[in-house]
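Structure, as structure tokens:
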Amino acid sequence: MRQASIKRDTLETKVDCKLDLDGTGKSTIDTGVGFFNHMLTLLAFHSGMDLDMHADGDLDVCDHHTIEDCGIVLGQAVAQALGNKKGIERYGSFNCPMDETLCNVSLDFSGRPYLVYHCELKRDQVGTMACEMVEEFLRAFAFNCGLTLHVNVYYGTNDHHKIEAIFKALGHALKQAVQVTGSGINSSKGILEC
Ligand SMILES: [Mn+2]
């Protein structure tokens, strides 16, 4: 069973996450940040993972700790559910159009965390989520599941669309990469770790 359950308690946030990589894309998301809930719901739906994410963070400060810590915990959950990564496809890449926006997410469960992020956003925030937290979430996620992650928004004008296209593309790319297509470790080095 490729499932994980992670709890993280700090003085800034309490995050509780349950994940099933082989689910049907259903989710229960409650982070206290409406637009971020919308993004995690899309991510679960398009990745086919079942995801429960509950966060109780210091939103009186701002959304930073809550969103970053959700990224950390989701990364840890994916890493735990993948285990030794035996048999997984490893790579995923998806172009997601959303109205006027086009975004590509390409990723590799290499064990070498890296984020390349190219996305120009005009607004300071969408709803109560700071636009700068999109990059912070992606970095926290990638670094906690050993993911090489490239995000390129080629063009677009609407910030809601651009961010949504990133999360949808990430979902589809993850779905490809975590699928079991073989029986061994998909690396000429024999391991998918640093
Ligand atoms: Mn939307």
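Every number here is computed from the coordinates shown, using simple stated rules; none is lab data. No experiment lies behind these values; they were computed from the predicted model shown. When we count neighbours, we look across all protein chains shown, and the Cβ atoms used for this are built from the backbone with ideal geometry, even at glycine.
Points worth noting:
- Candidates Ser183, Ser106, Ser47, ranked by Gaussian network fluctuation over the chain, Cα under 10 Å, top entry: Ser183
- Links that overshoot a 21 Å alpha carbon limit, given the list Lys7/Lys162; Lys26/Lys85; Lys86/Lys189; Lys26/Lys175; Lys14/Lys162; Lys26/Lys168: Lys7/Lys162; Lys26/Lys85; Lys14/Lys162
- Which of Ser110, Leu147, Phe94, positive extreme of dipole for region 94-170 (C-beta unit charges): Ser110
- Mean separation of Cα contacts under 8 Å, 6 or more apart, over the residue count of region 34-190: relative contact order %: 38 percent
- Projected area, mean over directions - region 110-161, Cα convex hull, nm²: 3.8 nm²
- Gaussian network model of the chain, Cα within-10 Å springs - most flexible of Gly171, Gly87, Gly48: Gly87
- A simple charge model with +1 on the Cβ of Lys and Arg, -1 on the Cβ of Asp and Glu and nothing else charged puts the dipole of region 138-194 at about 60 debye relative to its Cα centre.
- Cα-centre dipole for region 60-194 with unit charges at Cβ (Lys and Arg positive, Asp and Glu negative), debye to 20: 780 debye
- Sparse packing (at most 13 other Cβ atoms within 10 Å of the Cβ) combined with a DSSP loop state is found for the following trypsin sites (Lys or Arg not before Pro) in region 54-103: Lys86.
- Within straight-line cross-link reach of Lys18, aspartates and glutamates at Cα separation under 12 Å, skipping those fewer than 8 residues along the same chain: Asp50, Asp52
- With only Cα atoms counted, the chain has Rg and Dmax values of 15.7, 49 Å.
- Qualifying GluC sites (Glu not before Pro) for region 85-172 [loop in DSSP, other Cβ within 10 Å: at most 16]: Glu89, Glu100, Glu120
- Most positive-pole-ward Cα, Leu74, Met39, Gly23, against dipole of region 1-95 from beta carbon charges: Gly23
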